[in-house]
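Enquirer: First the structure, which I've put down as structure tokens, then a few questions once you've had a look.
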Amino acid sequence: MKATLFTAVSDECIKCGKCIPVCTIHAVHPDETTSPRGFIDLLGAYERGELELDRTAKDIFESCFLCTNCVEVCPNSLPTDMVIEEVRKDIADRYGIAWFKRAFFLLLRHRWLMDLMMKLGYTFRTCGFREESEKGGMTPRFKLPIVKSGRLLPSLGKTSFLNKYPEEVPQGGKRRVAIFIGCLANYNYTGIGDSLMEILQELEIDAFIPKKQKCCSAPAYFTGDFDTVELLSKQNIEYFESFIDEVEAILIPEATCSAMIKHDWAVFFRNRGMEDWARRAEKLNEKIFMATEWLQKHTDLQERLAALGTKMPESVTYHDACHARKVQGIWKEPRSLLSQNYEMKEMSDPNRCCGFGGVTMQTEKYPLAEAAGKPKAAMIDATGAQIVAAECSACRMQISNSLHQADSKAIFKNPVELIADALRSSDDSKTTKS
């Protein structure tokens with residue numbers, strides 16, 4: 001099945017080269033082998049037995065950022081990202097997965113263990129980090145093989161989002177939605193979940209916080225740990241099915257998690273011949289939404305924000321996360337909501353990948369992520385905006401570090417945080433006047 005997939009994609013590539021100017025890795029490492037058509041050609045050679053999956057090939061296939069820019073511009077819509085994800089399974093099988101990745105994926109499999117490690121990490125954070133940045137991150141105190149000195153890393157919240165709230169939060173009883181929070185928002189950027197809860201309270205919408213939700217499995221998928229992907233996705237699907245008929249929607253304030261759940265789960269199962277699981281995943285999609293998409297299309301939040309008559313002092317530039325705009329077609333909705341209360345300043349190329357690229361890119365291949373992030377930071381600074389927003393905590397981690405390295409004063413916020421700030425500012429203004 002997989003071999004047929006590699007051959008089919010390779011045969012359909014017409015080598016037109018439209019993918020090359022938009023390719024994130026080719027922009028920082030201009031070599032034909034590290035270009036979409038180069039990846040595809042090599043995959044075809046690998047399937048035909050003309051290319052050994054040696055360490056050079058491993059290095060090439062692990063250099064793709066999986067940004068899907070090439071898919072967007074390809075005249076044949078070839079799924080370059082998906083076939084590279086598939087070959088990474090072969091790489092993992094042949095060479096294994098680095099110890100720190102296996103440890104991380106073990107934590108993703110077991111929420112209780114992740115909770116314990118995060119509590120220990122928060123308690124002893126000063127032992128491993130020098131100081132907390134004003135931008136909400138931590139700089140390493142000592143060097144680790146996978147952490148570059150001076151790099152900005154996300155802080156740990158004192159209490160995770162899932163442990164902070166009860167499972168049922170009544171807020172008016174008119175409507176009821178569930179929240180899938182995502183790992184980074186659950187443990188690191190906890191203000192995202194708090195802000196989403198504030199918005200739902202304003203709209204008088206009850207919140208159901210499913211306590212048994214697991215990681216969406218995106219980090220494992222992009223690394224080739226397909227056993228973890230199958231385990232977590234099946235557990236999530238079965239759990240979602242147990243309450244999906246009792247909620248109007250499942251809101252996800254994270255582009256990568258949403259794309260994994262709405263798109264990649266079904267692709268993963270279909271490529272494994274598990275059609276029933278693929279259909280079950282797709283059935284859930286009827287009620288799964290990125291948070292700003294649902295809030296803009298299915299509530300009167302935009303009208304409420306406009307009615308506030310509040311113009312916030314900060315200007316905002318919006319970064320289009322790859323898994324939002326290119327994979328799910330979501331980019332207008334967050335801008336429509338934010339523009340009611342913020343001055344929007346578009347950067348020259350909001351659709352350019354920030355360079356996060358997944359666990360391998362952020363560890364073993366961090367210099368590539370660092371190089372890809374520099375142009376994005378410069379682009380953001382050129383707008384003069386005080387805030388850059390995107391509905392993706394992976395982008396937040398990457399862009400915050402890129403801005404930190406560039407000594408920029410701009411800060412990153414999720415759009416739901418900015419919306420909550422606007423609502424809060426209006427309430428404070430009313431209280432002051434009264």
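We did not get these values from a lab; they are worked out from the coordinates using the rules stated. Owing to the predicted nature of the structure, the values given are computational and were not obtained by experimental measurement. No Cβ is skipped: glycine too gets one built from the backbone with ideal geometry, and neighbour counts run over all protein chains shown.
Enquirer: Can you figure out the FRET efficiency of Lys409 with Asn351, using R₀ = 35 Å and their beta-carbon distance, to the nearest 0.05? Walk me through the numbers before you get to the answer.
Expert: Details: r = 24 Å, r/R0 = 0.68.
The pair Lys409/Asn351 has a calculated efficiency of 0.90.
Enquirer: Translational diffusion coefficient, Stokes-Einstein: compute it for the stretch 301-433 using the Kirkwood radius over C-alpha pairs as Rh, at 25 °C and 0.890 mPa s, and state it as an integer in µm² s⁻¹.
Expert: Values: Rh = 15.4 Å.
In µm²/s, the coefficient rounds to 160.
Enquirer: Same structure, new question: Of all DSSP beta bridges in the stretch 306-433, what percent run antiparallel (nearest 5)?
Expert: Here the antiparallel bridges make up roughly 0 percent for the stretch 306-433.
Enquirer: Which residues' amide hydrogens lie under 5 Å from the amide hydrogen of Ile288, considering only partners 5 or more residues apart or on another chain, with H built in the peptide plane?
Expert: Ile250
Enquirer: Okay, next question. Calculated FRET efficiency, Arg270 and Lys174, Cβ-Cβ r, R0 35 Å, to nearest 0.05?
Expert: Given R0 = 35 Å and the Cβ-Cβ separation, E is 0.40.
Enquirer: Give the whole-number value, in cubic angstrom per residue, of the convex hull volume spanned by the C-alpha atoms of the chain.
Expert: For the chain, the hull spanned by Cα atoms encloses 141 Å³ per residue.
Enquirer: Against the globular-protein guess of 2.2 N^0.38 Å, express the Cα radius of gyration of the stretch 329-390 as a ratio, rounded to two decimals.
Expert: Rounded to two decimals, the normalised Rg is 1.30.
Enquirer: Restrict the search to the stretch 334-425; then list the trypsin sites (Lys or Arg not before Pro) that DSSP places in a loop and that have at most 14 other Cβ atoms within 10 Å of their Cβ.
Expert: Counting only loop positions with at most 14 other Cβ atoms within 10 Å, the trypsin sites (Lys or Arg not before Pro) in the stretch 334-425 are Lys409.
Enquirer: Can you sort Ile411, Ile330, Ile181 by how many other beta carbons sit within 10 Å, fewest first?
Expert: Ordered by Cβ neighbours within 10 Å, fewest first: Ile411, Ile330, Ile181.
Enquirer: So how do His323, His29 line up by other beta-carbon neighbours within 10 Å, fewest first? Mind dumping the intermediate values first?
Expert: Working: His323 29, His29 17.
By the 10 Å Cβ count, ascending: His29, His323.
Enquirer: Using Cβ counts within 10 Å as a stand-in for footprinting exposure, how do Leu107, Leu152, Leu196 rank, fewest first?
Expert: Ordered by Cβ neighbours within 10 Å, fewest first: Leu107, Leu152, Leu196.
Enquirer: Determine ³J(HN,Hα), in whole Hz, for all residues of the stretch 112-121 in sequence, where each value follows from phi through the Karplus function 6.51 cos²θ - 1.76 cosθ + 1.60 and θ = phi - 60°; x replaces Gly and Pro.
Expert: The phi angles translate into 4, 6, 4, 4, 5, 5, 5, 5, 5, x Hz.
Enquirer: Given H placed on each backbone N at 1.01 Å, which residues far from Ile205 in sequence or on other chains put an amide H within less than 5 Å of it?
Expert: none
Enquirer: Now for a separate question. Shape of the stretch 144-270 from its Cα gyration tensor (a ≥ b ≥ c, root eigenvalues): rounded if a/c is under 1.5, otherwise prolate when a/b > b/c, or oblate? Write out the running numbers ahead of the final one.
Expert: Details: a/c = 2.41, a/b = 1.24, b/c = 1.95.
Oblate, because a/c is 1.5 or more while a/b does not exceed b/c.
Enquirer: Could I ask something else about it? Can you list the HN-Hα couplings for the stretch 21-35, worked out from phi with the Karplus curve (6.51, -1.76, 1.60; θ = phi - 60°), rounded to whole Hz and with x for Gly and Pro?
Expert: Ordered by residue, 3J(HN,Hα) equals x, 9, 6, 5, 6, 5, 5, 9, 9, x, 9, 4, 5, 9, 9 Hz.
Enquirer: Further, regarding this structure: Measure nothing fancy, just the Cα-based angle from helix 191-202's long axis to the longest principal axis of the chain, in degrees from 0 to 90, nearest 10.
Expert: The two axes meet at around 50 degrees.
Enquirer: Have a look at the DSSP beta bridges in the chain and tell me what percent are antiparallel, nearest 5.
Expert: The antiparallel fraction comes to roughly 30 percent.
Enquirer: Going by the alpha-carbon gyration tensor, a ≥ b ≥ c the square roots of its eigenvalues, is the stretch 277-374 rounded (a/c under 1.5) or, if a/c is not under 1.5, prolate (a/b greater than b/c) versus oblate?
Expert: On the way: a/c = 3.10, a/b = 1.21, b/c = 2.57.
Cα axes put the stretch 277-374 in the oblate bin.
Enquirer: Using a Förster distance of 51 Å, how high is the FRET efficiency between Ala8 and His298, based on the Cβ-Cβ distance and rounded to 0.05?
Expert: 0.85
Enquirer: Per 0.36 nm of contour for each residue apart, how much would the distance between Asn76 and Ala378 grow if the chain were fully extended, relative to their Cα-Cα spacing?
Expert: Gain in length upon complete extension: 105.4 nm.
Enquirer: Using Cα springs under 10 Å in a Gaussian network model of the chain, which residue among Gly193, Gly358, Gly121 shows the largest mean-square fluctuation?
Expert: In the Gaussian network model the winner is Gly121.
Enquirer: Right, something else. Using every Cα-Cα pair within the stretch 2-95, state what percent have a distance larger than 22 Å.
Expert: Pairs farther apart than 22 Å: 18 percent.
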